[in-house]
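I have placed the structure first, in the form of structure tokens, so that the comments after it can refer back to it.
A short reminder: the numbers here are calculations on the coordinates, not readings from a lab. The structure presented is a predicted model; accordingly, all values stated were derived computationally and were not measured. Cβ coordinates were reconstructed from backbone atoms using ideal geometry, including for glycine residues, and neighbour counts include every protein chain displayed.
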Amino acid sequence: MESRSYEPEKTAKDVSLHELRDRLAEFAQVRGWEQYHSPRNLLLALVINQTKNTLKVGEVGELSEIFQWKGEVERGLPNWSAAEREHLEEELSDVLLYLVRLADVCGLDLGHAALSKIVKNANKYPVAAFARALP
Ligand SMILES: Nc1ccn([C@H]2C[C@H](O)[C@@H](COP(=O)(O)OP(=O)(O)OP(=O)(O)O)O2)c(=O)n1
């Protein structure tokens, strides 16, 4: 059993990557799943979902399936049902959670790495040269 109730608060909350990292580590630890959470397995979980007799898409594929055949989708998803939005939230979360866990078992700080990458991106695409023009 996890040591705390993990029902998220309904109001928006500033969730840190460190909190997600720690909860995922506990999730795996209490189930004895650490042995399965190798870098390679976690990466592959994003891409494929293989059982004995079936091979399905992994979490990135499940996320993509939500948009497949919908055509262009308006920002804010104004025409989506509550169930569709919840489904999207779940699949986005699965991708995020596996990424956070992958970074953790690799011994990397994903939040720090992402901030550094944003700085690198800004240096690569200076505003003066790229405002309103895609690379
Ligand atoms: N060995 C595992 C299995 C699952 N999870 C966690 C991370 C994901 O957030 C979620 C993935 O669970 P499922 O493999 O059951 O995938 P789905 O939730 O997408 O279910 P389904 O594939 O039936 O749609 O659970 C995990 O950390 N380690």
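Think of the range 63-135 as a dipole: +1 on every Lys or Arg Cβ, -1 on every Asp or Glu Cβ, centred on the Cα centre; then among 78, 130, 115, 130 lies furthest on the positive end. So what's the back-of-envelope 222 nm ellipticity for the chain, counting only DSSP H runs of four-plus at -39500 (n - 2.57) apiece and dividing by all residues, rounded to 500? Result for the chain: -17500 deg cm²/dmol, rounded to the nearest 500. What is the chain's relative contact order, in percent, from Cα pairs under 8 angstrom and six or more apart in sequence? Here the relative contact order equals 27 percent. Computed from backbone phi, the HN-Hα couplings of the range 19-27 come to 5, 4, 4, 5, 5, 5, 5, 5, 3 Hz, rounded to whole numbers (Karplus: 6.51 cos²θ - 1.76 cosθ + 1.60, θ = phi - 60°; Gly and Pro given as x). Taking a sphere under 15 Å around the Cβ of residue 74 and counting the other residues whose Cβ falls inside, with K and R at +1 and D and E at -1, yields a net charge of +1. Computing Rg and the Kirkwood Rh from the Cα coordinates of the range 9-135 gives a ratio, Rg/Rh, of 1.02.
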